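Structure, as structure tokens:
The values are calculated or read from the model by the stated rules, or taken from the named source; none is laboratory data. Everything quoted here is computed from the prediction, not taken from an experiment. Reconstructed Cβ throughout: ideal geometry from the backbone, glycine too, with neighbour counts over all protein chains shown.
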Amino acid sequence: MPQSPDLGALFGAPDTKTFLGLAPCPDFSPQGASAALFGAPCATPYGSVGAYCQGAPAALRRASGQLAANIDRMNFDLGGPTFPSGTGAAVDCGDLDWSESDFAANRDAIRAATGKVLATGAVPVVLGGDDSIPIPMLEALEALGQPVTVLQIDAHIDWRQEHMGERMGLSSTMRRASEMAHVERIIQVGARGVGSGHPDDLADALDWGAQIIPARQFHAEGVAAALAGIPEGAAVVICLDADALDPSIVPGVIGRSPGGLSYYQVLDLVEGVAARGRIVAMDLVEYVPEMDVDGLGALTLSRLLTACLGVIARAEG
């Protein structure tokens, strides 16, 4: 069978190890950058599955390679170059070291890296890893000294108190966020199908005050239903789980479920957040390269992440 043509090679993509060929920033101290991306392959995995998303940061970097030669060209998702003149480009800080057994150390590393980026004024963008990654990232945002709104885009609500005796795992992310004093608002978009949440978990989320917009409602009412809950000028954290998108465009997830969001629905949410408030941090988690189909999920997510970095650059510029 002949080898598939390489689109990146066609356009002269360089051989780079960073996302989009962005400037590397291994000391996590970007200067003048709009955002600083870093990979966190593992935080607090469940013993039954382990660090099943550990290869995601590397896979997403590889998928972005075909765009690296054209980063200064028109990005029609944004109406101009990804990083227009007068804005700061993002940088790539590489991946954090991680342990298969010392989960507290993993969380400490994510918390510290997020804090370093925040201290420079850049927006931390964290590539997971499973959905336990956002917990220490969210904890680090206490350093902002202001209340934050969490916009979770996910097929699951993640309000379990614990699972398999673990309180810091991927099914408890929003429950842990609700316990942080600096988190004043949680808006959750995209829940659908049968997930890990119990009816009691949903009741607890609603009692706390979480605004939950299931995927079916979102498809009917549109982006405005989610954005209405974000006050003007709010500091917003975007927690994006790959399984929020429909498996027809992101098949590389552990639990495929039909009825997910489209590429442009997610991008419209991100752009809407930037227009109403300020994106202060973002994560992209739960992509499983081994579950992907012909790299389709990596292509979709790398393009979406590229657009999100462009949105952040425009807002920060």
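Structure notes:
- Any hit, the stretch 184-206, residues being over 24 Å from Arg256 (Cβ atoms), in a loop (DSSP other than H, G, I, E, B) and free of Cβ contacts under 8 Å to residues at least 40 places away in the same chain: no
- Matching residues in the stretch 75-122 - criterion: being surrounded by fewer than 24 Cβ atoms within 10 Å (Cβ to Cβ) and β-branched (Val, Ile, Thr): Thr87, Thr120
- Ala225 meets each of the listed conditions (1) modelled with pLDDT of 95 or more; (2) over 14 Å from the mean Cα position of the chain (by Cα) apart from (1).
- Candidates Ala51, Ala40, Ala33, filtered to the one that is modelled with pLDDT of 95 or more and in contact with a Leu (Cβ under 6 Å, 6 or more places away or on another chain): Ala40
- Residue within the stretch 278-289 that is out of contact with any Cys (no Cβ under 8 Å at 6 or more places or on another chain), assigned to a helix (DSSP H, G or I), modelled with pLDDT of 95 or more and closer than 26 Å to Ala228 by Cβ present: no
- Residue satisfying condition, being surrounded by fewer than 24 Cβ atoms within 10 Å (Cβ to Cβ) and over 22 Å from Ala224 (Cβ atoms), within set Met137, Met180: Met180
- Being touching a Leu at 6+ places or on another chain (Cβ under 7 Å) and within 26 Å of Asn70 (Cβ to Cβ) holds for only one residue in Ala274, Ala315, Ala242, and it is Ala242.
- Of the set (1) of a type in the set (Gly, Ala, Ser); (2) modelled with pLDDT of 95 or more; (3) surrounded by fewer than 18 Cβ atoms within 10 Å (Cβ to Cβ), all apply to Ala191 but (3).
- Members of the stretch 76-125 that are of a type in the set (Val, Ile, Thr) and either assigned to a helix (DSSP H, G or I) or touching a Ser or Thr at 6+ places or on another chain (Cβ under 7 Å) (or both): Thr82, Thr87, Ile110, Thr114, Val117, Thr120, Val123
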